[in-house]
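Presented below is the structure to which this report refers.
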Amino acid sequence: MNNITYGGEEPIAAFATAPGNSALTLIRCSGKGSIELASLVIASDKIKNTPGNTIVHGWIIDREQRIDEVLVSVFRAPKSYSGEDSIDICCHGGVAAGKAVMAALKKAGFRDALPGEFTFRAFMNGKLDLTRSESVMELVSAKTEAGRRHAVTRLSGSLQKEIDEIKQLLVQVLAGIEIYLDYSEDEISPAMEGAVINGENADEAAGKLPNNDTALLVLSRLKKLSASWQLERIYQEGITLVIAGKPNAGKSSLFNALLKEDRSIVAEIPGTTRDWIEAWVSIDGIPVRLVDTAGLRDTDNSVEKIGVERSLSLLQEADIVLYLIDGDAGSGGAEIIEEIAGIESRNGKNYLFIWNKHDVSPLPQPFPAAGCVPICVSAKTGEGLTELSAAVIKMIYKQAATDGQFEDITASLGTERQKNLVESACAALEEALALAEAGEPLDLAAPMLREAVNALGEITGEVSTADILEEMFGRFCVGK
């Protein structure tokens, strides 16, 4: 088993759904001869000769003993997910039934699929490019509806289309250079010269690449793609949002209100929360790891002291901190100023100051801490939570260096691999433009443009190596 690598055609099988307490379990099989091999354990005369895209009823058998009643979806190459002969076996749910069916398949000659091997074969058989292959795992891992929607857009080919268009434009620029390199200056006709300098005369084109306007357009589109990763990463990985403040400021109440369920214990006794508790919540489609922490104060209680230390550590880790000021604590102006100044000086994190219990204690006017305008909420009644969520989203967009107009982007990057390759293409193109501007020979710029074209080809998989592919698909779950 240790010697098995990607790239074979032998029949493979894996759970496409995790075995467990469910109505149905799906087992996927694929590979050369997989339909004939499966017929050895499926008691149905129809399997061997059934056409593709057909569902057949039968029984899984092992030494003439019935294992489970199943429905078998038959797919024949090339009209299948992997591009090979494939079958999907729908058996009863539960751990025992699925494992028994899988054992029968392996006894017949199937081997366990490697992580992502079905999608790897789909790529190798031309069913998917690498951007769409990666979007499959993005879709499986999506934490929110927005994340799912963005992954589906890439699965539909939006990124592949954008990369192909950019690459074709870059090839035009490279072709213009090749004309100058392949012909002497006397051999270049006016028509050829016009084609490669965008209609400019030779004097105007000095210090520029052939098709310079096209090169600048490509650079602009590449930079836009690169910038899309900042926000896309947040949609995929989420952010950590820590709720902090003094004891009894209402942190646990706000945690429960944002989560819309009672997870944290709420009591009037200060120091009730001794350790942090976390949960995932979606705010405007962005996955948020919401963390409730122990109240920040000096204490002699050894257990509470550990909780405070952990809370301070979480403040360092947080992407955004919601710092609650207890509006009902009767604090004076000087005390509020001291509290805010103390938390701001602790580190340079992004803080949103929250005036809690606004329903019983309105925000003082003017607010004593100059330059700080807290968001007024009532964790008890829900007042101000909409404004708080909007402020969180605004800060997320600020951190991502975007104006938040994500839906206006026709194509976006889905993985860090893609982002690194786009940045490589950007750097190579910028170097080519700089060489031309410095008056260097075009044969020095040409390799930079080829490097950019190759980087774009690596994004879609036109340029790839076996070790890169195995490393990439190895991150997939088994059964995909």
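The residue that is nearest to Asp164 (Cα to Cα), among those in the range 408-437 that are surrounded by fewer than 16 Cβ atoms within 10 Å (Cβ to Cβ) and in contact (Cβ under 8 Å) with a residue 40 or more places away in the chain, is Thr410.
Residues that are closer than 12 Å to Glu117 by Cβ, crowded, with 20+ Cβ neighbours inside 10 Å and either without any contact (Cβ under 8 Å) to a residue 40 or more places away in the chain or in contact with a Pro (Cβ under 8 Å, 6 or more places away or on another chain) (or both) within the range 5-48 comprise Cys29, Ser30, Gly31, listed in sequence order.
Residues that are more than 16 Å from Val478 (Cα to Cα) and not aliphatic (A, V, I, L, M) number at least 2 in the following strands (runs of 3 or more DSSP E) confined to the range 1-118: 54-62, 65-75, 86-92.
Taken over the range 380-405, the criterion of being buried (at least 16 other Cβ atoms within 10 Å of the Cβ), assigned to a loop (DSSP other than H, G, I, E, B) and at pLDDT below 90 is satisfied by Lys380, Ala400, Thr402.
The values are calculated or read from the model by the stated rules, or taken from the named source; none is laboratory data. Note that the structure is predicted; figures quoted are calculated from it, not measured. Counting neighbours? That spans all protein chains shown, and the Cβs are built from the backbone with ideal geometry, glycine included.
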